[in-house]
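For reference, the structure is listed below as structure tokens.
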Amino acid sequence: MEAFIRSFRTNPASHEEFVEGLSSEPLVSHFRIHPAPTPAPAPGSFQHDLASGNYQQQWTSWQEFQKWLCDEQAAKAIELRLVNTNAKSSLYTRKLRYVCSRAGTGGEKEYVKAHPEWNRKRGPKRTACKCSLVVKEYPGTSTILGNYCDMHNHPLGDANLPYTQIPKETREYTAGLLRLRVAPDHILKLLHRGVYEDDGPLENDLDDTDDTGVATRAEFIELRDIQSIQKDIEAETVRLHPDDGQSSMLWVKQLRAKGHLLGFKSKTDPVPPGSNLAPDCITYFLKLNRLSSPLTICSKIMSDFNWSQINSCCEIYWEAWLLLCWWHVLHAWQQHFSIPTYPELWEVLKRWIRIIDKIEFDATWVKIQAMAPQVFTEYLTRYWMPERVVKMWSAVYRTDRTIYQQCDTNMLIESYRHQEFGYEGPDIEVKKRHDILERSRVYSKHDIQHVEDAKYIVPSKTDPSKVYDVDIDTYTCTCLDFPLISFCKHICAV
């Protein structure tokens, strides 16, 4: 700070009284004058932060900062996640704080690993990483200042890629293929480079494939990631109610509003009192139906394995080809042996019903007789292997059909609704779900073992030596009941 000197001369004659011995010479006084001091910059302002040395990084604009941020994340295969934004001060426009995604957010997990010494396929994402980035925007200037601490406590590069988010472009590409009905396992091959050379024309869709040998996040995508995207797509149009009847009514309301509804029956007609579904009652109903619609001749009839229905249908529609519903056939078979005890037999039976070659069909029947319990073999021989019955359910006799005739269940409408709109089917699904909810009450919190992330191990209550793997992200379970309605007591317990 500069200073300057000023001098003033005083005349002693101006004093009314003189002090003895005082010189009559004029008095000269000297004093130093300082200009008004410049105020120090306020803490948090641009000048203060620039002079403090705490903000080592500078960018001329927000666009330049965004480019640097993308390059930094790509070079080190890390993910800096925005966790806080402050814009409550007049000294700066915005103050943003980023942290490494492996620092972890939220509180502690409720579950404690029962076996922390086990080697996991993928280690925990949360490592309490100390990497952080604070950037500030200021009024009156486009310069961005940043305080960057790039100290990580985990490996960088390819080893860290599985712990980063899937890029938006990859998610959109995957979602587009899913909307085109491409199977998730085939999409997985497309995303994993070097696995799909001979998979067909879809391999040309990956125009952005990196041929430099540098790994990308897409190479670490798992099937459960694709299934999660698939569930998000379904959630765009489907909102299931715990009671599937409510979901059906909402869908009917939407169709009616669009003018697409031809007709809808919201209640079932009960069986006439006293009929008990006797053959005479069924025959009478079919006879009335044929008389009222003489020009409509059934060429194929799908039925349960109920001789009252079968005989009545054959009596009235003798021209028809009578088929048995595969779902009901397999359902009847599984009631006569224990699937957990004979899992291989169950897999063979599911393939056997679909075999179209007669020689292979007969060879599989011999194999079934060798591996199945004698009681079950006698049951099949007596009720399902007579020539007339075999022609009703075996795929050997269901060849040369058009695409419109390739139906093997008498629940075609429910099956179509499940596949296209996400609804879970008839009331039998609701009853099954209620039964599962009741049976899940036998599990307590101590029965469930948390393995990693969204994966759990749930023991079997009927056989303590068996355990089932539950994945909440993909919403799957390895138990045999899960495929029935994509729900089971183990998922419910978790």
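The values are calculated or read from the model by the stated rules, or taken from the named source; none is laboratory data. Just so we're clear, the structure is a prediction, and the values are computed from it rather than from any experiment. Quick reminder, even Gly has a Cβ in these numbers, built from the backbone with ideal geometry, and neighbours come from all protein chains shown.
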**Request:** Any chance you could count how many residues in the stretch 445-489 are closer than 29 Å to residue 123 by Cβ and either β-branched (Val, Ile, Thr) or assigned by TED's automatic domain parsing to the domain that holds residue 227 (or both)?
**Result:** 10
**Prompt:** Does residue 64 count as among the charged types (D, E, K, R), in the same structural domain as residue 143 (by TED's automatic domain parsing) and closer than 14 Å to residue 133 by Cβ?
**Reply:** no
**Asked** How many residues does the stretch 146-186 hold that are assigned to a loop (DSSP other than H, G, I, E, B) and in contact with an Asp or Glu (Cβ under 9 Å, 6 or more places away or on another chain)?
**Response** 4
**Complete:** When the stretch 128-142 is checked residue by residue, the ones that are crowded, with 16+ Cβ neighbours inside 10 Å and farther than 14 Å from residue 91 by Cα are 129, 131, 132, 133, 134
**Complete:** With the first residue restricted to the stretch 471-494 and required to be buried (at least 19 other Cβ atoms within 10 Å of the Cβ), and the second required to be of a type in the set (Gly, Ala, Ser), Cβ contacts under 6 Å at 6 or more apart or on different chains are 489/440; 493/440
**Asked** Has the stretch 96-104 got any residue that is in a strand (DSSP E or B), at pLDDT 90 or above and over 20 Å from residue 167 (Cβ atoms)?
**Response** yes
**Asked** Applying the selection to the stretch 438-453, what residues are hydrophobic (A, V, I, L, M, F, W, C) and surrounded by fewer than 15 Cβ atoms within 10 Å (Cβ to Cβ)?
**Response** 442
**Request:** Considering only the stretch 372-382, state which residues are in contact with a helix residue (DSSP H, G or I) (Cβ under 7 Å, 6 or more places away or on another chain) and assigned to a helix (DSSP H, G or I).
**Result:** 377
**Request:** Considering only the stretch 123-149, state which residues are free of Cβ contacts under 8 Å to residues at least 24 places away in the same chain and under 15 Å from residue 98 (Cα atoms).
**Result:** 149
**Request:** Scan the stretch 44-55 and report the pairs whose first residue is over 8 Å from residue 145 (Cα atoms) and whose second residue is among the polar types (S, T, N, Q) and modelled with pLDDT of 85 or more, with Cβ atoms within less than 6 Å and a gap of 6+ or a chain change.
**Result:** 54/147
**Prompt:** Going through the stretch 165-187 one residue at a time, which ones are crowded, with 17+ Cβ neighbours inside 10 Å and among the β-branched types (Val, Ile, Thr)?
**Reply:** 166, 170, 174, 187
